[in-house]
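Input: one structure, supplied below.
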Amino acid sequence: PSQPTLHNFKNLWSTHPFLSYLENSLIVVSTSTLISVAISTFAGYGISRFKFRGRSVYMAFLLATQLFPSIMLLIPYYKIFMTLHLIDQISALIITYISFTIPFCTWMMRGYFSGISKDLDQAAQIDGASRFRVFRSVILPLSWPGLAATTIYSFISGWNEYIFALVLTQDEEMKTVPVGIGQLVGEYRIDWAQLMAASLYALIPLTIIFIFFNRYFVSGLSAGAVKE
């Protein structure tokens with residue numbers, strides 16, 4: 001460029017409610033990630049450690065949910081949330097993202113827990129630990145790579161999601177970062193400078209996540225890939 005400038009990084013905050021977009025995305029994605037990882041951790045542990053009626057059917061159901069494109073659920077979700085008066089509400093996006101990430105996160109955690117020897121559970125129970133104490137004090141500290149992988153997957157899935165956030169939010173103050181960036185692309189004009197500035201801002205949270213969880217990511221994804 002003949003005249004390089006950083007003006008667009010500053011101008012973005014005054015010409016668009018980008019701070020609201022960031023706040024909405026952080027609230028929605030952080031909450032949905034926390035709930036998804038918590039539920040999938042308990043579910044994955046239960047599937048890997050207990051044999052119960054319907055276990056195979058439940059696992060097959062989780063896998064089957066990943067075979068269909070999420071766009072098929074757009075109209076049903078919109079009608080449900082419209083009936084519940086949740087359109088333009090943060091809770092609608094949180095519920096949507098949780099429903100999308102829990103099945104795959106459960107499979108990831110189940111694969112990781114299956115790679116941890118059950119002898120550890122039995123040894124702790126012999127020492128008098130309850131089942132929950134075994135999970136909390138013995139198994140959970142060993143599962144950080146799996147937790148990191150599921151956290152990264154859930155966070156990225158929610159942070160980059162566009163179509164549901166576009167449809168379920170109509171108020172300008174309730175939109176998320178992907179929707180806000182998409183609005184910079186007009187029918188007759190594209191504001192490339194602010195588009196690139198907004199995209200760089202959107203990369204910052206993902207970069208921070210990868211910096212802290214990078215060493216756990218590969219080992220967590222590969223867990224359960226080989227049957228021992």
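Within the set of pairs 6 or more residues apart or between chains, which connect a residue that is free of Cβ contacts under 8 Å to residues at least 12 places away in the same chain inside the range 182-210 to a residue that is open to solvent by less than 50 Å² (accessible area, probe 1.4 Å) with Cβ atoms less than 6 Å apart?
Sorted first by the residue in the range 182-210, then by its partner, the pairs are Asp191/Leu184.
Scan the range 65-85 for residues that are modelled with pLDDT under 85 and not hydroxyl-bearing (Ser, Thr, Tyr) and jot them down.
Within the range 65-85, Gln66, Leu67, Phe68 qualify.
Moving to a separate point now. Just to check your reading of the model, which residue among Arg131, Arg110, Arg136 is closer than 30 Å to Met59 by Cβ, among the charged types (D, E, K, R), open to solvent by less than 70 Å² (accessible area, probe 1.4 Å) and out of contact with any Cys (no Cβ under 8 Å at 6 or more places or on another chain)? First the steps, then the outcome.
Numbers: Arg131 fails: open to solvent by less than 70 Å² (accessible area, probe 1.4 Å); Arg136 fails: open to solvent by less than 70 Å² (accessible area, probe 1.4 Å).
Going through Arg131, Arg110, Arg136 in turn, just one is closer than 30 Å to Met59 by Cβ, among the charged types (D, E, K, R), open to solvent by less than 70 Å² (accessible area, probe 1.4 Å) and out of contact with any Cys (no Cβ under 8 Å at 6 or more places or on another chain): Arg110.
Also, quick follow-up: Hey, can you tell me all the residues within the range 2-16 that are over 30 Å from Asp88 (Cα atoms), in a helix (DSSP H, G or I) and of a type in the set (S, T, N, Q)?
Restricting attention to the range 2-16, the residues satisfying the condition of being over 30 Å from Asp88 (Cα atoms) are 2-7.
Narrowing the set further to residues that are in a helix (DSSP H, G or I) leaves 7.
The answer is none; no residue qualifies.
I need the full set of residues from the range 31-41 which are free of Cβ contacts under 8 Å to residues at least 12 places away in the same chain and open to solvent by less than 60 Å² (accessible area, probe 1.4 Å), in order please.
Restricting attention to the range 31-41, the residues satisfying the condition of being free of Cβ contacts under 8 Å to residues at least 12 places away in the same chain are 34, 38.
Matches in the range 31-41: Ala38 only.
Quick check on this structure: which one of Leu26, Leu12, Leu19 is of a type in the set (A, V, I, L, M, F, W, C) and surrounded by 15 or more Cβ atoms within 10 Å (Cβ to Cβ)?
Numbers: Leu26 fails: surrounded by 15 or more Cβ atoms within 10 Å (Cβ to Cβ); Leu19 fails: surrounded by 15 or more Cβ atoms within 10 Å (Cβ to Cβ).
Exactly one residue qualifies, and that residue is Leu12.
What number goes with the only condition from (1) open to solvent by 40 Å² or more (accessible area, probe 1.4 Å); (2) touching a residue at least 24 places away in the same chain (Cβ under 8 Å); (3) not in a helix (DSSP H, G or I) that Ile116 does not pass?
Only one criterion in (1) open to solvent by 40 Å² or more (accessible area, probe 1.4 Å); (2) touching a residue at least 24 places away in the same chain (Cβ under 8 Å); (3) not in a helix (DSSP H, G or I) is unmet by Ile116, namely (1).
The values are calculated or read from the model by the stated rules, or taken from the named source; none is laboratory data. Just so it is clear, the structure is predicted and the values come from calculations on it, not from any experiment. For neighbour counting, all protein chains shown are included, and Cβ atoms are generated from backbone atoms with ideal geometry for every residue, glycine included. Ligands, DNA and RNA are stripped out before the accessible areas are found, and what is left, the full protein with its side chains, is counted by its heavy atoms. Shrake-Rupley method; radii C 1.70, N 1.55, O 1.52, S 1.80 Å.
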